[in-house]
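Visitor: Could you have a look at this structure, given as structure tokens, before my questions?
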Amino acid sequence: MKSKAPLLLMEQMIMLLVFAFAAALCLQAFVKSDNISRRSEARDRAATLCQNIAETIRANGGDAGEALRTVTGQCLAAEDGSFEARFDGNWNLIEAGKSLGVGDQYYFAWTNEIDSEVPGLGKEEVYVESVAPADGEITRIFELEVAWQEEVDGSGG
């Protein structure tokens with residue numbers, strides 16, 4: 001009578017390969033779901049930040065710089081008249097003088113004035129951008145516009 005040991009060993013190796021393949025598929029699914037979760041969390045935080053800044057701009061009568069400083073604790077003025085606040089990958093505020101490292105995740109909150117073309121109506125664009133750590137690609141995560149009434153002089157000019 002022949003021994004069945006080689007057949008048993010072959011079955012065990014096949015089962016081991018099946019389990020290794022299943023583990024690889026599960027690991028891939030977990031990594032993908034973690035990436036989706038991180039993107040969703042970033043989008044949620046960006047939406048909340050934009051809404052807070054927009055409401056503060058409206059409450060301040062259009063002072064975007066002061067609104068950004070009130071909400072984030074930071075307001076850096078750009079040359080084009082816009083304002084920004086910088087955050088690291090964990091949404092911690094980055095100090096104004098600190099340089100940004102290469103290969104790290106960053107978020108930027110921006111405000112830009114928009115010409116409303118209507119007298120007495122001020123408009124501002126508020127948005128958050130993400131800088132990818134791998135290639136430095138900038139992606140706009142969330143944006144909205146805020147409008148408020150301004151005083152118009154009664155002289156018609």
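The values are calculated or read from the model by the stated rules, or taken from the named source; none is laboratory data. Here the structure is a predicted model, which means the values were calculated and not measured. Using ideal geometry, Cβ is built from the backbone for each residue, glycine included, and neighbour counts are taken over all protein chains shown. Just the protein is used for accessible areas: all its heavy atoms, side chains included, with ligands, DNA and RNA removed. Shrake-Rupley method; radii C 1.70, N 1.55, O 1.52, S 1.80 Å.
Visitor: Looking only at segment 40-78, which residues are open to solvent by less than 60 Å² (accessible area, probe 1.4 Å), over 11 Å from the mean Cα position of the chain (by Cα) and not small (Gly, Ala, Ser)?
Guide: Let us first name the residues in segment 40-78 that are open to solvent by less than 60 Å² (accessible area, probe 1.4 Å), namely 40, 42, 46-47, 49-50, 53-54, 56-57, 61-62, 64-65, 67-68, 71-76, 78.
Remaining after also requiring over 11 Å from the mean Cα position of the chain (by Cα): 53-54, 56-57, 61-62, 64-65, 67-68, 71-76, 78.
Ile53, Thr56, Ile57, Leu68, Val71, Thr72, Gln74, Cys75, Leu76, listed by residue number.
Visitor: Do we find a residue being open to solvent by less than 30 Å² (accessible area, probe 1.4 Å) and either assigned to a helix (DSSP H, G or I) or farther than 15 Å from Phe142 by Cα (or both) anywhere in segment 22-37? Talk me through it step by step, then tell me what you get.
Guide: So in segment 22-37, the residues open to solvent by less than 30 Å² (accessible area, probe 1.4 Å) come out as none.
No, that holds for no residue.
This table checks each residue for (1) modelled with pLDDT under 95; (2) closer than 30 Å to Glu113 by Cα; (3) small (Gly, Ala, Ser).
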residue: Phe21; (1), (2), (3): no, no, no
residue: Ala24; (1), (2), (3): no, no, yes
residue: Ala29; (1), (2), (3): no, no, yes
residue: Arg39; (1), (2), (3): yes, yes, no
residue: Ala59; (1), (2), (3): yes, yes, yes
residue: Thr70; (1), (2), (3): yes, yes, no
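Visitor: Moving on. Condition first: among the acidic types (Asp, Glu) and at pLDDT 90 or above. Now tell me which residues in segment 122-144 satisfy that. Walk me through how you get there before you give the answer.
Guide: Here is the first cut: in segment 122-144, the residues among the acidic types (Asp, Glu) are 124-125, 129, 135, 137, 143.
Residues satisfying the conditions are Glu124, Glu125, Glu129, Glu143.
Visitor: Mind checking which residues of segment 98-121 are in contact with an Asp or Glu (Cβ under 8 Å, 6 or more places away or on another chain) and at pLDDT below 90? Even if it seems obvious, please write down each step before you answer.
Guide: In the first step, residues of segment 98-121 are kept if they are in contact with an Asp or Glu (Cβ under 8 Å, 6 or more places away or on another chain); the result is 104-114, 120-121.
Selection gives Asp104, Gln105, Tyr106, Gly120.
Visitor: Looking only at residues that are under 15 Å from the mean Cα position of the chain (by Cα) and among the charged types (D, E, K, R) in segment 130-148, which one is nearest to Arg86 (Cα to Cα)? Give the steps one after another, and end with the answer.
Guide: Going through segment 130-148, the residues under 15 Å from the mean Cα position of the chain (by Cα) turn out to be 130-133, 136-144.
Subset that is among the charged types (D, E, K, R): 137, 140, 143.
Numbers: Glu137: 16, Arg140: 14, Glu143: 16 Å.
Among those that are under 15 Å from the mean Cα position of the chain (by Cα) and among the charged types (D, E, K, R), it is Arg140.
Visitor: When residues of segment 112-131 are filtered for being of a type in the set (Gly, Ala, Ser) and exposed (fewer than 13 other Cβ atoms within 10 Å of the Cβ), how many remain? Talk me through it step by step, then tell me what you get.
Guide: Within segment 112-131, the first condition is being of a type in the set (Gly, Ala, Ser), and the residues that meet it are 116, 120, 122, 130.
Adding the requirement that they be exposed (fewer than 13 other Cβ atoms within 10 Å of the Cβ) leaves 120.
Final tally of qualifying residues: 1.
Condition check ((1) of a type in the set (Gly, Ala, Ser); (2) surrounded by fewer than 15 Cβ atoms within 10 Å (Cβ to Cβ); (3) closer than 18 Å to Asp63 by Cβ; (4) free of Cβ contacts under 8 Å to residues at least 12 places away in the same chain) across all residues:
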| position | (1), (2), (3), (4) |
| --- | --- |
| Asp88 | no, no, no, no |
| Gly97 | yes, yes, no, yes |
| Trp110 | no, no, yes, no |
| Glu137 | no, yes, no, yes |
